[in-house]
Amino acid sequence: MTTATATTMSPAQTQTPMLPRGPMLKRSPFHERLAALNLANAWEAWQGYTTASLFYDAEDEYFAIRTGASLYDVSPMLKYRIAGPEAEAVVDRLVSKRIDKLKPGRVTYAPWCDARGRVIEEGTIFRLSPTEFRINCAEHQLAWFSETAHGFDAQVEEVTEEIAGLALQGPTSKQVLADIGLAEAAALPFFGIGTFKGAGGYPVTVSRTGFTGDLGYELWVAPEHALPLWDALMARSDLHYLRPIGSRALDVARIEAGHILINVEFVGARHAIRPSQTRTPSGLGLDWAVDLAKPHFNGRRALIAEREAGGPKRRLVGLDVTGRKPATGAYLYHRGREVGQVTSATWSPITKRNIALATVEARYATEGTVLDAEIYYMKEVTQGKVDAAATIVPPRFYQPGHRRG
């Protein structure tokens, strides 16, 4: 869950300066191992933590995701526990999906909105028991969750520092888990979750989730078990082409999968400076994650009004762009009129396509519509410009069959 937008993987990407570590930056429970492997010495800040943007080569890290297995430290991801007799009612009021249908041992994904129907954020929701949930997200949400829980018999607390997390993603990730004594966890169904004991004897909570659009899992342990877990996994690195990855490689995979990112595809409703920066779920392509038949949830009336008015004014789309220059930040035109802007862009190594996510005016968001992209890029010490055709396509560029297998 990174905040960087991918462009392309080139030698220049290896020249990232080391992020200065001030007294306020924390280190994750895995940092000791990450630092020893970070040959590029490339770091960035993520929610107050020092995290790797690159280890050695972004292209090699990317292909570990797509052809082997990868490890990405997700410990800085914000985690909230909602528990109590009325925890289900709190989460159901908070998000746009029916939570009463979510059984213990299952995961769902949903956005949550303000009263105007504008997305505050989105994330994964773990149902750990009938009366306990955990929500994982990118931004601080304790105040909003607590406000939503007011008057209910439930407690909300942030548990970020209590849980260390690793994203194990890629086609061989199932074999990696089996090799460290977690074969039962490897057999979890898509969006399943459970707690298991591997060869190390300590509990590991495993969820069949991830941010790459590939077969993958997320592993959650107490901080004191972080390094033993890392060592057990990396002991299988040569056998299964398992590699640590940074945010650059992850972001390419994210864009290929069509996953949205806060502060990139949209700005959260509680932090936006201008209303035009915000989006409704429909504007982000999340209609499938909204159940307007629910009697109550934050933003429901506004979303019903939007639907009755014909839908959002702007929509998220995928773009197939000609040429090889990533269209990062490109403005989009239709017959000379500006109609949208690219939010994320990258060259996709696995599909051999120049792809992008963009927000465009709804009337131009039809699949097959061709727009003109005005792409700017650095050309030695000057800025170059190229115009390219950008065809609107579904915003899912890579969906391997083994992802849900």
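Taken together, the values in this text are just the output of simple stated rules run on the coordinates, not laboratory data. Note that the structure is predicted; figures quoted are calculated from it, not measured. We place every Cβ from the backbone using ideal geometry, glycine too, and count neighbours over all the protein chains shown.
Observations, loosely collected:
- Pairs of Lys in the chain closer than 20 Å at Cα, counting only those 8 or more apart or on different chains: 10
- Within the shell defined by Cβ-Cβ distances under 10 Å, the residues around V339 carry a net charge of +1, with Lys and Arg each +1 and Asp and Glu each -1.
- Each Cα pair under 8 Å and six or more residues apart adds its sequence gap; the mean of these over the residue count of the chain is a relative contact order of 18 percent.
- Annotation: extensible slack from A178 through H402 equals 79.0 nm (criterion: 0.36 nm per residue apart, minus Cα-Cα distance).
- Computed extension length for R337-S146: 64.3 nm, one decimal, from 0.36 nm per residue of separation with the Cα-Cα distance subtracted.
- For H271, H240, order by how many other beta-carbon atoms lie within 10 Å, fewest first: H271, H240
- Neighbour-count order for K294, K174, fewest beta carbons within 10 angstrom listed first: K294, K174
- Taking other Cβ atoms within 10 Å as a rough exposure proxy, V381, V107, V321 sort from fewest to most as V381, V107, V321.
- Mean separation of Cα contacts under 8 Å, 6 or more apart, over the residue count of the range 313-404: relative contact order %: 34 percent
- Among A45, A272, A69, the largest mean-square fluctuation in a Gaussian network model of the chain, built with springs joining Cα atoms closer than 10 Å, belongs to A272.
- In the chain, helices alone account for a calculated mean residue ellipticity at 222 nm of -5000 deg cm²/dmol, with every DSSP H run of four or more residues adding -39,500 (n - 2.57).
- Pairs of Cα atoms farther than 22 Å apart, the range 313-404, %: 26 percent
- For the range 226-330, the extents of the C-alpha atoms along the principal axes are 56, 42, 26 Å, listed from largest to smallest.
- Approximate spin-label separation E367-E161, in nm, with each point projected 7 Å along Cα-to-Cβ: 4.8 nm
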